[in-house]
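The values are calculated or read from the model by the stated rules, or taken from the named source; none is laboratory data. As the structure is a computational prediction, the values presented were derived from the model and not from experiment. Cβ placement follows ideal geometry from the backbone for every residue including glycine, while neighbour counts extend to all protein chains displayed.
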Amino acid sequence: MISTAIRLARVGNRSELAAALLMGLGYPCVMLAALLPDIWFFVTAAAVTYIADWYLHQRGSYLINRLGKVRAGLSIRFLLRQLMVILLLARLDLAEEPLFYAAVAGFLLFYALQAPHGALTTLIRLRRTMPVVTRNVDLSAVRIPDAPPQLLMRRSAEKMLHLDIPAVAGVLIAAGTGVDAIGYAGAALTLLLALLYLTVLAPFARRSRLVPPAPAVLAAVDTWLRSYQPTVVLYFSGSNESAYQGNMWLETMSRIEGRPLIIMRERGLVPQLAETSVPVICVPAGTHLMNLDLSTVRVCLYPANVGKNIHILRVPTMKHVFIGHGDSDKLASVNPYSKVYDEVWTAGRAGRDRYALADVGVRDEDIVEVGRPQLEPIQSWTGTLRNPIATVLYAPTWEGWDDNPGNTSLLLAGENIVRRLLAADPPVRVIYKPHPFTGIRSAKAKAVDARITAMLEAAAVRRAAEPRWAAEAAEAAAAQREARAELTRIEARLAELESSGSFGGDAAELSRISLADPAREAESTALRSAWNDAYWRSFGWWEHRTVTGPQPRLYDCFNEADAMVSDISSVVSDFIASGKPYAVTDSAALGAEEFKRQNTAVRAAVILSNGAAELDELLAAVADPAADTLAEARHELKSYLLGPDEPTSMEQFNAALHALAAKAEARNAGVAQRAAGQPVVSAGPDPEDSSSGAGNGEQELSDEAAASADPDAVGASGRKPATGEEATRLG
């Protein structure tokens, strides 16, 4: 019932639902109090609307956005409350009194000041929006002034409107006491504060406080690019919920052999990017991206198949590689769009075989097995429990874009899985980590997620009341308090490091001050490791837990768990690196044999039906190595899915980069020679013959010739040919 109400009200939790209900009831009560008239009832109801409105804004509730769409936005709500103050005065027979006219004039003047305020804040934001947002890129060639204080710019409209509180309070007090001077003083104070706000804000609209024009900024970026000469690009685009797809590659990018660069496309993703020493350039506009000097880049890596990839796929001077953001048997892992890339890199042999079975047009010779460098932090299983009782991680994937029952176990099996784990004998601890996308498309999935979270919270309370666990809690209380205090200290230090090195007042200031600092980065890395250790020590090894957000990371949960239950996703493939027992839910009810036939990653798994009755087999394997009949199968599957242990995945990755960069160099040299009318001399086989199927370069030459007549022409190769200037750079 409550979950349904939360969904219908478009709020995130019970507290937001309560605030929404109070606000929804508050405005009719304000009107009723004005009509009665009853001053104290009016004051109480008005206070409720102020507080509820403020709370929903603080929480960033989606309801606030929806109210604006139905013409019940912030300004309308404030105006309605002020109109009710005027109605109250009229009902109190004060319509002919000076206080009434002062209130009307004060509110009108206050609203008249909203226009210049809105214009100023909008102008400042627009004129401080640079064509790029950067990290670890030296833009000292252009002058970027300090941003206005966040106190002035963050939620500025809300702050301006709340300045009516002195006027509303003063008029109500005056109406109740008969002392009109209080009302006059309140109205004057509101107008004075509004004028002061405008006065303080106005200097930030001066030209000297705004960022340089786009051409100057882009020229500075090109100057930096020519100096840095990047060789490998990680190109990332996606929704606000997809930041994890880029974050998982940051450490790998920092360890590659070459000069890495990260190119992003959405401003909103930049603040979500984890700390990295790799240079980052966010270029929202496709035209700006296509005019960046990327002539030294030889390999471009893509972790996601998104529409904006086309803006850089058109560049023929670099080789394009799909690396994905996980390795699984999902249909997304054999997306036919992968044909556009020169190569597709998979973790192991399994990825190659998937494409062969799917027959989507990706050629076997274009697939390279490079392992998974990100999996190095995953600890291998020792065969014994980490704690006196087993910890089972439930990490379901999200509901997907369609209603395929095989997408996630959450809808049909999630509650059964958790219920059986909570009832297990001997007892186990449950860690629940849902996918970040859970509930973004399916209200039902969001509701199930909320119910599972509630189940775990209730079970944790019951367990805490049992004598055995109460005794454990009492014994561990001091250590847990110390761990929580350590968490607080670490978080404070991390916040201090971030504020000193990574975050400015706005994106423009961020681009100016966020330069790589190896010492700060090393300290941050050490602190995050210490935070993870303190986090798991801050509560009991017997306590059930729901883990959301970026910290602790999924791999940290892997290391804490003795077994895992999940779905067909890269989570399963990654967990196999640990060698620990795992179970996968056959939510589509294919049957165990067919499920294994269709999905490589489950061949060494305990297969669960939607009733989850088979969980006993998983728990037995965790409790007793002799009962673990799938141990050898997991070892073999790990090699098949993730590649060999030697050479290391990072060595394989770097070798693949070098090989592909050499092919790009050979292709560019051939094109340059043909453009100059010289015969191409090859010391060996054509590098294109064994790689991407991009052709022998003759089509590109034809396209470049056509470019002299039509710069916007696209040749038969499907890529825009290089201009004369670009061809000169290639030579």
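Only one of (1) surrounded by fewer than 19 Cβ atoms within 10 Å (Cβ to Cβ); (2) in contact with an Asp or Glu (Cβ under 6 Å, 6 or more places away or on another chain) fails for Thr525. Which number is that?
(2)
In segment 639-649, which residue that is in contact with a Lys or Arg (Cβ under 6 Å, 6 or more places away or on another chain) and not polar (S, T, N, Q) is surrounded by the fewest Cβ atoms within 10 Å (Cβ to Cβ)?
By that ranking, first place goes to Tyr640.
Restricting to segment 253-290, count the residues that are of a type outside the set (A, V, I, L, M), part of a loop (DSSP other than H, G, I, E, B) and closer than 18 Å to Ala220 by Cβ.
The qualifying residues number 2.
Need at least 3 residues that are out of contact with any Phe, Trp or Tyr (no Cβ under 7 Å at 6 or more places or on another chain), farther than 17 Å from Ser649 by Cα and not charged (D, E, K, R) per element, so show me which strands (runs of 3 or more DSSP E) inside segment 292-373 make the cut, counting only ones lying wholly within it.
Filter on segment 292-373 gives an empty set.
Restricting to segment 423-449, name every residue that is touching a residue at least 24 places away in the same chain (Cβ under 8 Å), charged (D, E, K, R) and not in a strand (DSSP E or B).
Lys433, Arg441, Lys444, Lys446, Asp449
Taking the criterion of being modelled with pLDDT of 95 or more, in the same structural domain as Leu89 (by TED's automatic domain parsing), aromatic (Phe, Trp, Tyr) and surrounded by 14 or more Cβ atoms within 10 Å (Cβ to Cβ), would at least one residue in segment 40-49 satisfy it?
Yes; the residues of segment 40-49 include at least one that is modelled with pLDDT of 95 or more, in the same structural domain as Leu89 (by TED's automatic domain parsing), aromatic (Phe, Trp, Tyr) and surrounded by 14 or more Cβ atoms within 10 Å (Cβ to Cβ).
Under 9 Å between Cβ atoms, which residue pairs at least 6 apart in sequence (or on different chains) link something in segment 170-191 that is surrounded by fewer than 19 Cβ atoms within 10 Å (Cβ to Cβ) with a partner that is part of a helix (DSSP H, G or I) and of a type in the set (S, T, N, Q)?
none
Would you pick out the residues in segment 517-557 that are of a type in the set (Gly, Ala, Ser), under 24 Å from the mean Cα position of the chain (by Cα) and at pLDDT below 90?
Across segment 517-557, the qualifying residues are Ala522, Ser524, Gly549.
Out of the residues in segment 379-405 meeting the condition of being closer than 18 Å to Pro434 by Cβ and in contact with a strand residue (DSSP E or B) (Cβ under 9 Å, 6 or more places away or on another chain), tell me which one is surrounded by the most Cβ atoms within 10 Å (Cβ to Cβ).
The qualifying residue surrounded by the most Cβ atoms within 10 Å (Cβ to Cβ) is Pro396.
Search segment 1-26 for residues being surrounded by 20 or more Cβ atoms within 10 Å (Cβ to Cβ) and not β-branched (Val, Ile, Thr), and hand back the single one that is modelled with the highest pLDDT.
Ranking the qualifying residues of segment 1-26, first place goes to Gly26.
With Arg462, Arg420 as the choices, which residue is in a helix (DSSP H, G or I), basic (Lys, Arg) and in contact (Cβ under 8 Å) with a residue 12 or more places away in the chain?
From the options Arg462, Arg420, the qualifying one is Arg420.
Mind checking which pairs have a first residue in segment 479-497 that is more than 21 Å from Ala516 (Cα to Cα) and a second that is among the polar types (S, T, N, Q) and outside any helix (DSSP H, G or I), Cβ under 7 Å, 6 or more apart or different chains?
That search, which allows pairs on different chains as well, returns Gln480/Ser538; Ala483/Ser538; Arg484/Ser538; Leu487/Ser538.
Against the definition (among the aliphatic types (A, V, I, L, M), in contact with a Gly (Cβ under 6 Å, 6 or more places away or on another chain) and farther than 24 Å from Leu292 by Cβ), how does Val171 come out, yes or no?
Spelling it out, Val171 is indeed among the aliphatic types (A, V, I, L, M), in contact with a Gly (Cβ under 6 Å, 6 or more places away or on another chain) and farther than 24 Å from Leu292 by Cβ.
What do you reckon, is Ala478 of a type in the set (Gly, Ala, Ser), over 23 Å from the mean Cα position of the chain (by Cα), part of a helix (DSSP H, G or I) and under 24 Å from Gln272 (Cβ atoms)?
no
If Arg441 satisfies all but one of (1) over 17 Å from Ala563 (Cα atoms); (2) surrounded by 24 or more Cβ atoms within 10 Å (Cβ to Cβ); (3) of a type in the set (Lys, Arg), what's the number of the condition it fails?
Single failed check for Arg441: (2).
Return the pairs, sorted by first residue and then second, in which the second residue is acidic (Asp, Glu), the first residue lies in segment 301-316 and is more than 18 Å from Val368 (Cβ to Cβ), the beta carbons are less than 6 Å apart, and the residues are 6+ apart or on different chains.
Close Cβ pairs (under 6 Å, with a partner that is acidic (Asp, Glu)) amount to Pro316/Glu700.
Failed condition for Ile144, given (1) of a type in the set (Val, Ile, Thr); (2) surrounded by fewer than 19 Cβ atoms within 10 Å (Cβ to Cβ); (3) more than 19 Å from Leu83 (Cα to Cα), with all others met?
Of the numbered conditions (1) of a type in the set (Val, Ile, Thr); (2) surrounded by fewer than 19 Cβ atoms within 10 Å (Cβ to Cβ); (3) more than 19 Å from Leu83 (Cα to Cα), the odd one out for Ile144 is (2).
Which of the residues belonging to segment 330-347 are within 24 Å of the chain's Cα centre (by Cα), at pLDDT 85 or above and among the β-branched types (Val, Ile, Thr)?
Thr346, the sole residue that qualifies.
Taking the options Pro405, Pro427, Pro396, name whichever one is in the same structural domain as Ala621 (by TED's automatic domain parsing) and over 22 Å from Ile568 (Cα atoms).
Of the residues listed, the single one that is in the same structural domain as Ala621 (by TED's automatic domain parsing) and over 22 Å from Ile568 (Cα atoms) is Pro427.
I want to confirm something. Restricting to segment 228-251 and keeping residues that are at pLDDT below 95 and of a type in the set (S, T, N, Q), which single residue is farthest from Leu301 (Cα to Cα)?
Asn240
So which residues in segment 128-158 are more than 28 Å from the chain's Cα centre (by Cα) and either among the aromatic types (Phe, Trp, Tyr) or more than 17 Å from Phe204 (Cα to Cα) (or both), if there are any at all?
Listed by number, the residues that qualify are Ser140, Ala141, Val142.
Quick one: which of Ala664, Ala626, Ala633, Ala706 is closer than 27 Å to Gly361 by Cβ, modelled with pLDDT of 50 or more and either touching a helix residue (DSSP H, G or I) at 6+ places or on another chain (Cβ under 6 Å) or of a type in the set (A, V, I, L, M) (or both)?
Sole residue among the options that is closer than 27 Å to Gly361 by Cβ, modelled with pLDDT of 50 or more and either touching a helix residue (DSSP H, G or I) at 6+ places or on another chain (Cβ under 6 Å) or of a type in the set (A, V, I, L, M) (or both): Ala664.
Looking at Val362, is it buried (at least 20 other Cβ atoms within 10 Å of the Cβ) and at pLDDT 90 or above?
When the stated conditions are applied, Val362 passes them.
Quick check on Gln58: is it farther than 19 Å from Gly106 by Cβ and not basic (Lys, Arg)?
It is true that Gln58 is farther than 19 Å from Gly106 by Cβ and not basic (Lys, Arg).
Any idea how many residues of segment 192-211 are of a type outside the set (A, V, I, L, M), farther than 30 Å from Gly106 by Cα and either over 32 Å from the mean Cα position of the chain (by Cα) or surrounded by 18 or more Cβ atoms within 10 Å (Cβ to Cβ) (or both)?
Of the residues in that region, 2 qualify.
Residues of segment 61-103 being farther than 14 Å from Val30 by Cβ, buried (at least 16 other Cβ atoms within 10 Å of the Cβ) and either modelled with pLDDT of 95 or more or over 48 Å from the mean Cα position of the chain (by Cα) (or both), which ones?
Residues satisfying the conditions are Leu92, Leu94, Glu97, Leu99, Phe100, Ala102, Ala103.
Criterion first (surrounded by 15 or more Cβ atoms within 10 Å (Cβ to Cβ), in a loop (DSSP other than H, G, I, E, B), out of contact with any His (no Cβ under 6 Å at 6 or more places or on another chain) and touching a residue at least 12 places away in the same chain (Cβ under 8 Å)) does Leu412 satisfy it?
yes
Kindly indicate which of Thr391, Thr384 is closer than 30 Å to Pro625 by Cα and part of a loop (DSSP other than H, G, I, E, B).
Just a single option satisfies the conditions, and that option is Thr384.
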